[in-house]
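Each remark here refers to the structure printed beneath this line.
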Amino acid sequence: DTEVTQTPKHLVMGMTNKKSLKCEQHMGHRAMYWYKQKAKKPPELMFVYSYEKLSINESVPSRFSPECPNSSLLNLHLHALQPEDSALYLCASSQDRAGTLHAEAFFGQGTRLTVV
Amino acid sequence: GENVEQHPSTLSVQEGDSAVIKCTYSDSASNYFPWYKQELGKRPQLIIDIRSNVGEKKDQRIAVTLNKTAKHFSLHITETQPEDSAVYFCAASRAPYQFYFGTGTSLTVIP
């Protein structure tokens, strides 16, 4: 199984809503990521979890709150978002092999978020 | 942080011709350089990667070259096919997990 599964695929939310994006992988990867991608732009790194601990936060506003309940799951909690937060949110995972600094990042299909 | 520049932003080639996409990076400590292909509405997928201890890597019609001194790396696609049409992103990484993407190249292969 080389899949990273994200739900939901599409989400429309108001600026006062609270919602969550979910990501799941069963490849045994110990690093999981959230990226934000605007149309015709590259993915921008938001958060990285390594062994269920937050290791990188790229100065993301607090209205985005990540959570890693276990090694297979990654959530992104959303609250009080702005219309400019509308984007494709991509989850990815990679293997953290001992002695290997880098490994391929597998991406999910993304959640297309629209904030109205 | 790392700054990755990618050129060209759009590229059109005739089917069967070659396509070359170039990237430069700023951080001399970067040592891992993946290339991702993203088709419209789909996820980015790794197509090839290269590490800093290697100058060139090839996988069938796809090759990547790396010049550490000049801090640039390139993607070469030979015998292009219509299904190669997509957006291609280069990336550079100096530490585990921190991938910095280039701005992307939209490749169109004309049948």
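We did not get these values from a lab; they are worked out from the coordinates using the rules stated. Quantities reported herein were computed from a predicted structural model and do not represent experimental measurements. Using ideal geometry, Cβ is built from the backbone for each residue, glycine included, and neighbour counts are taken over all protein chains shown.
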Study note, to complete from the structure: Residue-ordered couplings for the range B:76-85, obtained by feeding phi - 60° into the Karplus form 6.51 cos²θ - 1.76 cosθ + 1.60 and rounding to whole Hz (Gly and Pro as x), are 10, 10, 9, 6, 4, 10, x, 6, 7, 5
Practice item. Pull up all non-local amide H partners of A:A80: gap of 5 or more, or a different chain, and H-to-H distance under 5 Å with H placed in the peptide plane. Key: A:N17
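What value does the range B:21-78 have for Rg/Rh, both radii from Cα atoms and Rh as Kirkwood defines it? Provide the component values of the computation, followed by the final result.
On the way: Rg = 11.8 Å, Rh = 12.0 Å.
In the range B:21-78, Rg relative to Rh is 0.98.
Would you mind telling me the antiparallel percentage of the DSSP bridges in the protein assembly as shown, rounded to 5? Intermediate values should be presented prior to the final figure.
Working: 75 of 84 bridges.
Once the DSSP bridges in the protein assembly as shown are tallied, antiparallel ones form about 90 percent.
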Practice item. Provide the three semi-axes, in whole Å and in decreasing order, of the ellipsoid equivalent to the range B:70-111 as defined by the square roots of 5 times the Cα gyration tensor eigenvalues. Key: 25, 12, 8
Exercise for review: Report Rg (one decimal) and Dmax (nearest whole number) for the protein assembly as shown, counting Cα atoms only, units Å.
Suggested key: 17.7, 52
Exercise for review: Tally the DSSP beta bridges in chain B and give the antiparallel ones as a percent, rounded to 5.
Suggested key: 90
Check your understanding: Taking a Cβ-Cβ separation under 4.7 Å as the criterion for a possible partner, which cysteines of chain A have none?
Key -> A:C68
Revision key, fill the gap. For chain B the translational diffusion coefficient, Stokes-Einstein from a Kirkwood Rh over Cα pairs at 4 °C and viscosity 1.567 mPa s, in µm²/s, is roughly 93
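How large is Rg/Rh for the range A:1-104, to two decimals, with Cα atoms and a Kirkwood Rh? All intermediate terms of the calculation are to be shown ahead of the outcome.
Details: Rg = 13.7 Å, Rh = 14.3 Å.
Across the range A:1-104, the Cα-based Rg/Rh ratio is 0.96.
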Study note, to complete from the structure: Once normalised by the length of the range A:1-98, the mean sequence separation of its alpha carbon contacts under 8 Å that are 6 or more apart gives a contact order in percent of 36
